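*Asks:* Please read through the structure below; I'll follow up with questions.
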Amino acid sequence: MNTQEFRVIGNPHCGNRENPLRFLKLSALFSRLKVVIVASDDSRLIESTLAGNRDAFGELVLKYQDRLFGTLCHMLGSFHDARDVAQDAFLLAYQKLGSFRQESSFYAWLFRIAYHAAVSSRRKVRRGVHSLNGDGESDDHEPTDHRLDSDPTSPLSSAETTSQIQAALAQLPPEYKDALVLKELEGFRYEEIAELLNCPVGTVRSRIHRARQLLRERLARVVEREQK
């Protein structure tokens, strides 16, 4: 099993320019429906991996790669960065699997590894941009070149709307975007987000509230700009 290379399947995303949060929730729903359910549970696959069966970890990669990659795309705004961080996360998870105590789900544990890797990646990008530009004035996110498949049976499906929402998300400050994506896309509880972001629950609630406001404002601007 080679964790350096894993297949990324496009997840169907639905969008509605008037309700971007519905887009995020539907994205999460479709993403989870697309997951291939493996007969063995995560615990058995983990035990098998630790016993030397690398193919068992390959099953975990196939089970969670789409969900993890999709969320990282939203957070980082870049197909390539999301792919690199996802690969790094799976490699680190494989190396550290012996330390996983199963006090939380495997995916939650994997996502914490991926989130910290994403934060490090974002910092490197910022430092690189600052070094190149000198004044540090630059967009934090490159435009995503990843095109997610649409669900042809949904009346809300629209490649144009999907692109608009991705553009609006990319404009949010990282602390707001991360909290919103973790809540609306990943479905984490406020307490889990607070632990992951290392801040009080009240701060998480405030960031999510502000992120929702900003997303609606940014989306309105994107739509207005594209209509000109």
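The values are calculated or read from the model by the stated rules, or taken from the named source; none is laboratory data. On a predicted model such as this, the values are computed, not experimentally measured, just so you know. As a convention, Cβ positions derive from the backbone with ideal geometry for all residues, glycine included, and neighbour counts pool all protein chains shown. Calculation scope for accessible area: heavy atoms of the full protein, side chains included, ligands and nucleic acids excluded. Shrake-Rupley method; radii C 1.70, N 1.55, O 1.52, S 1.80 Å.
*Asks:* Are any of the residues in segment 168-183 of a type in the set (Ser, Thr, Tyr) and within 21 Å of Ala118 (Cα to Cα)?
*Replies:* Residues of segment 168-183 of a type in the set (Ser, Thr, Tyr): 176.
If we keep only those that are within 21 Å of Ala118 (Cα to Cα) too, we end up with 176.
Yes - at least one qualifying residue is present in segment 168-183.
*Asks:* Does Arg83 satisfy the condition of being under 29 Å from Thr49 (Cα atoms), at pLDDT below 90 and either among the charged types (D, E, K, R) or surrounded by fewer than 19 Cβ atoms within 10 Å (Cβ to Cβ) (or both)? Lay out the reasoning, then the answer.
*Replies:* On the way: under 29 Å from Thr49 (Cα atoms): yes; at pLDDT below 90: no; either among the charged types (D, E, K, R) or surrounded by fewer than 19 Cβ atoms within 10 Å (Cβ to Cβ) (or both): yes.
When the stated conditions are applied, Arg83 does not pass them.
*Asks:* Continuing with this model, one more query. Filter segment 66-106 down to the residues that are among the hydroxyl-bearing types (Ser, Thr, Tyr) and either touching a residue at least 12 places away in the same chain (Cβ under 8 Å) or in a helix (DSSP H, G or I) (or both) and list them by number. Don't jump to the end; show me each part of the working.
*Replies:* Let us first name the residues in segment 66-106 that are among the hydroxyl-bearing types (Ser, Thr, Tyr), namely 71, 78, 94, 99, 104-105.
Result: Thr71, Ser78, Tyr94, Ser99, Ser105.
*Asks:* Residues that are open to solvent by less than 30 Å² (accessible area, probe 1.4 Å) and at pLDDT 90 or above: list the helices (runs of 4 or more DSSP H) wholly contained in segment 107-219 that include at least 1 such residues. Even if it seems obvious, please write down each step before you answer.
*Replies:* Numbers: elements: 159-170, 174-180, 190-197.
The helices (runs of 4 or more DSSP H) meeting that bar are 174-180, 190-197.
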